[in-house]
There are 2 protein chains.
Amino acid sequence: MDQDTESGFESLDPQDWPAMRALAHRMVDDALTYIETVRDRPVWQSVPPEIAASFEGPAPRAPEGALAAYEAFAAHVLPYPMGNLHPRFWAWYMGNGTVGGALAEFLAAVMNPNLGGGSHAANLVEAQVITWLKDMLGFPASASGLLVSGGSMANLVGLTVARNVGAGADVRHQGVAAAPRPMTVYGSVEVHSCNQKALELLGLGSQALRRVPVQDDYTIDLAALQRMIDADRAAGLQPICVIGTAGTVNTGAIDDLNALADLCTREGLWFHVDGAIGAVAVLADNVRHQLRGIERADSVALDLHKWMHIPFEAGCVLVRDEPAHRNSFSLTPEYLEHGTRGLAGGNLWFSDYGVQLSRQFRALKVWMSIKEHGLDRFGRMIARNVEQAHYLGGLIVAQPQLELTAPIGLDIVCFRYNPGGLDDAALDAINRELLLQLQEQGIAAPSYTTIRNKYCLRVAIANHRSQRSDFDALIEAVLRIGALLSGSTSVAS
Amino acid sequence: MDQDTESGFESLDPQDWPAMRALAHRMVDDALTYIETVRDRPVWQSVPPEIAASFEGPAPRAPEGALAAYEAFAAHVLPYPMGNLHPRFWAWYMGNGTVGGALAEFLAAVMNPNLGGGSHAANLVEAQVITWLKDMLGFPASASGLLVSGGSMANLVGLTVARNVGAGADVRHQGVAAAPRPMTVYGSVEVHSCNQKALELLGLGSQALRRVPVQDDYTIDLAALQRMIDADRAAGLQPICVIGTAGTVNTGAIDDLNALADLCTREGLWFHVDGAIGAVAVLADNVRHQLRGIERADSVALDLHKWMHIPFEAGCVLVRDEPAHRNSFSLTPEYLEHGTRGLAGGNLWFSDYGVQLSRQFRALKVWMSIKEHGLDRFGRMIARNVEQAHYLGGLIVAQPQLELTAPIGLDIVCFRYNPGGLDDAALDAINRELLLQLQEQGIAAPSYTTIRNKYCLRVAIANHRSQRSDFDALIEAVLRIGALLSGSTSVAS
């Protein structure tokens, strides 16, 4: 086939544009109906074995066509979601997503720019989003930022800068073994595991993470922190950074950020805040005061795909000291040298501020979502989830068979079914089975955790679709299933 | 407002579903037309100052609505793309994207699952995609893999495992300073900069990257590599890994992978292949033989958003030794403990194999694209780009004013305008301006590099829309602009 002939030219473009257009419209209709009717379906259901088996087999060599690809998706994937779109999904900690966010993700992929750098409008969108987030958290205009995949990467970036600034040697060139003393980093025992992962990656090792005890409210014990820093210095170690947590994953606790900022200033330490869960709650009138001091951090990790419901992935890291940030990541090889004219012009080179060189246009869904809804609506959604957590707490304390197992922090409620007269082992078994039945019956999807050695249900209400009646339904089901199980304490596998 | 009242309940869902549906259909129509007509527009144009100014200003507090958000996008973002959708975009190294890929990205965001783990169909899609990619590269079924943001992350993951396996100490726990000897990693001087970035992150420092000379064809000099390893061992260092490059970014050179595999076996070193550019060319009949030996690597980084045109981001890392891979990243904290039933059931926990905990459904666009097109079509697109590179090379050598500045590797052509009688400084200035004018006039978007101290245009043809006439047009414009410039050698800024 002559490659110069337009007709019959094979590419990855549709061979039949009207047919592809019709299919695209069908996808949009199906998708909007899917979201609009989510409440009518079970929260979650397991993938049947015959459906799971459909995912075996080799890649097709020959084209099956866009329609066949969509029909495979519609038949085998769409009916078996994780469940986090549903109003009664409260597992782990994730957002629902939105219609507008999904459409923005489509538009981003249509343009398909590479946000590594260069001169094009998409970079201006990301720059504006970062400015908005800096403003939101009270960071100065001179600070830098980067949209990243999520909290794990945001924490990794912040801790990388902390390491490079605090090492006392040129660790980018010489490696961490060149540091005059072993570096240590401090966070509470409730610090998210991704921070440990980051320190392992960075070559500091998990032993560099000093786990500071918490108080009864699960916030970091400041006196213990000070003692640990003092002891490490006395032992010849090099404290470099304190990680404050703004919303622990287990119980939503927010460390005293102003006190940590004071301590870090006094001790000359980098102050990093892991705000993956809670930082965006600065938008909520009933939470904002708990986050005071976050504006004093040297770096902050925040997630927009959690409590702001932007579709995955959308995280952000902010760094107060822009040169320190850039100096930790910029390489600017020859073929990426920055100019002032042409495609490679301008000064928006986001690849200089993080791990990735090629970067998708994740800024668009954030930018369009903030325009669509305005920051105040996000604030109201967050505030309502916090109120709902306390509403749920009220339902729990009103029932003698139920027991709150931790203070309610932010939007996270930990509790267990406890009809009395059973030891912890028996209660663990009942609650374990209770959770599985809640999920398997499609009623609700909490997750679980262990609080002071007690297995408990954990309801993390980052959900813009949840209504009070959803929590009534949860409690009704917990009581019903719990009563059945406490008659026969079958043990979950 | 009573939160239990369905009517008037504020959420991030559309308040007017029919209006949102109509807007979504408009977006789809606009988007498909945009892609269908891309050839009619300039490849690239700079963002006018008044448009750039529209990206200033604070975030809206009040809702502006989805329609206003879309209209801002349509007016200020869509008309100023990077240009990589266009048939004459050959800058850096990136794909075009596709209609089907963009729609899949929409569907992924509609479902909005978190591919960190759990029991739901999206994880089965990613598992199948990884199986397909293992099959494609000749990796065993027992190998592990992970879809990641791109080559930078894929290389980071591979090198993390290499570090942890080769250190001779428990570096995850104790840090790299615990290694008995300083670790070294080898790659040619043409190795991609992201590998240096990875070693800096990993705490080994850029000095750990030993840059091995290349031969005239820009592939690694195996004898020099052997000498450097021997010298480092003699100096008390600990060689741990060799990075083979399958497609260098400057000239598309592919190292002798079988020879590197032999050397790594003999020396007991981890063999990592950075195949971000070239690995997927195993699908192309005219390239496959050059990639022999890739199936022997311990780890491979590949990119699907480059030569397979999946929308950003879509990279993949494969690791032969699954336990070593998992042991480098798994933490599995309590609240993520894996069960056998319920939402948290199953054994597909991708967060155990990489940096991210929350992960978007990037597998869907790969899965649907491979179904839509079949692997063989991707192979034909790749093979055609290689043929086009040689076609362009033929056009260049036929013109006395043009000079090939490197051997054509894969789909990458480096050349310069050289009418004779000018020194390299003058030629650099002419070619610099020539490139900018090609871009500014919207004709074509090559990028540039420096080969043996000569500035040259670099045409990287990862483009399923390019036709031979596009290269004719490039050469015609280069000759026209070059002739004008060599009369007046104005210097680009």
Discussion item. Which pairs turn up if I take residues in segment A:75-91 that are modelled with pLDDT of 95 or more and look for partners that are of a type in the set (Phe, Trp, Tyr) and assigned to a loop (DSSP other than H, G, I, E, B) with beta carbon separation below 7 Å, at least 6 apart in sequence or on another chain?
Written reply: A:GLY83/A:TRP44
Worksheet entry | Unmet requirement for A:GLY346, which otherwise passes all of (1) surrounded by fewer than 20 Cβ atoms within 10 Å (Cβ to Cβ); (2) modelled with pLDDT under 95 | (1)
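Being surrounded by 14 or more Cβ atoms within 10 Å (Cβ to Cβ) and more than 28 Å from the chain's Cα centre (by Cα), is that true of even one residue in segment B:454-466?
Quick first cut of segment B:454-466, residues surrounded by 14 or more Cβ atoms within 10 Å (Cβ to Cβ) only: B:454-466.
Keeping just the survivors that are more than 28 Å from the chain's Cα centre (by Cα) gives none.
Taking every residue of segment B:454-466 in turn, none turns out to be surrounded by 14 or more Cβ atoms within 10 Å (Cβ to Cβ) and more than 28 Å from the chain's Cα centre (by Cα).
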Worksheet item: Taking B:LEU147 and the conditions (1) at the interface with chain A (Cβ under 10 Å from one of its Cβ atoms); (2) touching a helix residue (DSSP H, G or I) at 6+ places or on another chain (Cβ under 7 Å); (3) surrounded by 24 or more Cβ atoms within 10 Å (Cβ to Cβ), which numbered condition does it fall short on, given that it satisfies the others?
Response: (1)
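Would you check if there is a residue in segment B:71-78 being on the phi > 0 side of the Ramachandran plot and either crowded, with 22+ Cβ neighbours inside 10 Å or not polar (S, T, N, Q) (or both)?
The initial filter retains those residues of segment B:71-78 that are on the phi > 0 side of the Ramachandran plot, namely none.
No: zero hits.
Can you confirm whether B:GLY244 is on the phi > 0 side of the Ramachandran plot and assigned by TED's automatic domain parsing to the domain that holds B:VAL157?
On the way: on the phi > 0 side of the Ramachandran plot: no; assigned by TED's automatic domain parsing to the domain that holds B:VAL157: yes.
Judged against the criteria, B:GLY244 is not a match.
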Worksheet item: Does at least one position in segment A:150-170 carry a residue that is within 7 Å of another protein chain (Cβ to nearest Cβ), outside any helix (DSSP H, G or I), within 26 Å of A:GLY95 (Cβ to Cβ) and not aliphatic (A, V, I, L, M)?
Response: yes
Worksheet item: Which one is farthest from A:GLY442 (Cα to Cα) among residues in segment B:111-120 that are facing chain A (nearest Cβ under 9 Å) and either surrounded by fewer than 24 Cβ atoms within 10 Å (Cβ to Cβ) or of a type outside the set (A, V, I, L, M) (or both)?
Response: B:GLY116
Practice prompt. Please specify each residue of segment B:264-286 satisfying the condition of being part of a loop (DSSP other than H, G, I, E, B), buried (at least 24 other Cβ atoms within 10 Å of the Cβ) and among the aliphatic types (A, V, I, L, M).
Written response: B:ALA276, B:ILE277, B:ALA284
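Rundown of residues vs (1) of a type in the set (Lys, Arg); (2) surrounded by 20 or more Cβ atoms within 10 Å (Cβ to Cβ); (3) facing chain A (nearest Cβ under 7 Å); (4) assigned to a helix (DSSP H, G or I), yes/no style:
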{"site": "B:VAL43", "(1), (2), (3), (4)": "no, yes, no, no"}
{"site": "B:PRO81", "(1), (2), (3), (4)": "no, yes, yes, no"}
{"site": "B:TYR93", "(1), (2), (3), (4)": "no, yes, no, no"}
{"site": "B:ILE130", "(1), (2), (3), (4)": "no, yes, no, yes"}
{"site": "B:PHE139", "(1), (2), (3), (4)": "no, yes, no, no"}
Practice prompt. Considering only segment A:389-493, give the strands (runs of 3 or more DSSP E) lying wholly within it that have at least 3 residues that are closer than 22 Å to B:ARG341 by Cβ and not charged (D, E, K, R).
Written response: A:412-417, A:445-451, A:454-460
Fill in: Every residue from segment B:95-110 that is of a type in the set (Gly, Ala, Ser), in a loop (DSSP other than H, G, I, E, B) and within 7 Å of another protein chain (Cβ to nearest Cβ)
B:GLY97
Discussion item. Restricting to segment A:157-183, name every residue that is of a type in the set (S, T, N, Q) and either surrounded by fewer than 24 Cβ atoms within 10 Å (Cβ to Cβ) or not assigned by TED's automatic domain parsing to the domain that holds A:LEU302 (or both).
Written reply: A:ASN164, A:GLN174
Worksheet entry | Residue under evaluation A:GLY187, criteria (1) touching a helix residue (DSSP H, G or I) at 6+ places or on another chain (Cβ under 8 Å); (2) assigned to a helix (DSSP H, G or I), criterion not met | (2)
Worksheet item: Does segment A:345-365 contain any residue that is assigned to a loop (DSSP other than H, G, I, E, B), out of contact with any Gly (no Cβ under 6 Å at 6 or more places or on another chain) and at positive phi?
Response: yes
Discussion item. I'd like to know if segment B:49-68 contains one or more residues that are more than 9 Å from chain A (Cβ to nearest Cβ) and in contact (Cβ under 8 Å) with a residue 60 or more places away in the chain.
Written reply: no
Worksheet item: Out of A:LEU348, A:LEU375, A:LEU343, which single residue is within 7 Å of another protein chain (Cβ to nearest Cβ) and either closer than 30 Å to B:ARG458 by Cα or polar (S, T, N, Q) (or both)?
Response: A:LEU343
Worksheet item: Does segment A:232-259 hold any residues that are closer than 12 Å to A:LEU291 by Cα, among the aliphatic types (A, V, I, L, M) and either part of a strand (DSSP E or B) or touching a helix residue (DSSP H, G or I) at 6+ places or on another chain (Cβ under 8 Å) (or both), and which are they?
Response: A:ALA246, A:ILE254, A:LEU257, A:ALA259
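From the list A:GLU476, A:GLU440, pick out the single residue that is in contact with a Gly (Cβ under 9 Å, 6 or more places away or on another chain), at pLDDT 95 or above and surrounded by fewer than 21 Cβ atoms within 10 Å (Cβ to Cβ). Spell out the reasoning first.
On the way: A:GLU476 fails: in contact with a Gly (Cβ under 9 Å, 6 or more places away or on another chain).
Unique residue meeting the criteria: A:GLU440.
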Practice prompt. Answer yes if at least one residue in segment A:217-231 is assigned to a loop (DSSP other than H, G, I, E, B) and within 14 Å of chain B (Cβ to nearest Cβ), and no otherwise.
Written response: yes
Fill in: Test set (1) over 21 Å from A:LEU375 (Cβ atoms); (2) facing chain B (nearest Cβ under 7 Å); (3) part of a helix (DSSP H, G or I); (4) over 16 Å from the mean Cα position of the chain (by Cα) - A:ALA75 fails condition number
(2)
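Out of A:PHE471, A:PHE415, which single residue is of a type in the set (Phe, Trp, Tyr) and either free of Cβ contacts under 8 Å to residues at least 24 places away in the same chain or within 14 Å of chain B (Cβ to nearest Cβ) (or both)? Before you say what the answer is, go through the steps one by one.
On the way: A:PHE415 fails: either free of Cβ contacts under 8 Å to residues at least 24 places away in the same chain or within 14 Å of chain B (Cβ to nearest Cβ) (or both).
That would be A:PHE471, the only listed residue that is of a type in the set (Phe, Trp, Tyr) and either free of Cβ contacts under 8 Å to residues at least 24 places away in the same chain or within 14 Å of chain B (Cβ to nearest Cβ) (or both).
From the list B:ALA68, B:ALA62, pick out the single residue that is part of a loop (DSSP other than H, G, I, E, B) and either more than 21 Å from B:TRP367 (Cβ to Cβ) or not β-branched (Val, Ile, Thr) (or both).
Numbers: B:ALA68 fails: part of a loop (DSSP other than H, G, I, E, B).
It is B:ALA62.
Is segment B:354-363 home to any residue that is farther than 30 Å from B:ASN96 by Cβ and more than 10 Å from chain A (Cβ to nearest Cβ)? Write out each step before concluding.
Our first condition is that a residue be farther than 30 Å from B:ASN96 by Cβ; within segment B:354-363, this holds for B:357.
Filter once more, keeping what is more than 10 Å from chain A (Cβ to nearest Cβ): none.
Within segment B:354-363 (the criterion being farther than 30 Å from B:ASN96 by Cβ and more than 10 Å from chain A (Cβ to nearest Cβ)), the answer is no, since none of the residues qualifies.
May I ask you to verify whether B:SER119 is touching a Ser or Thr at 6+ places or on another chain (Cβ under 7 Å) and closer than 23 Å to A:LEU147 by Cα? Walk me through how you get there before you give the answer.
Values: touching a Ser or Thr at 6+ places or on another chain (Cβ under 7 Å): yes; closer than 23 Å to A:LEU147 by Cα: no.
Spelling it out, it is not the case that B:SER119 is touching a Ser or Thr at 6+ places or on another chain (Cβ under 7 Å) and closer than 23 Å to A:LEU147 by Cα.
The values are calculated or read from the model by the stated rules, or taken from the named source; none is laboratory data. These figures come from a predicted structure and were not determined experimentally. Reconstructed Cβ throughout: ideal geometry from the backbone, glycine too, with neighbour counts over all protein chains shown.
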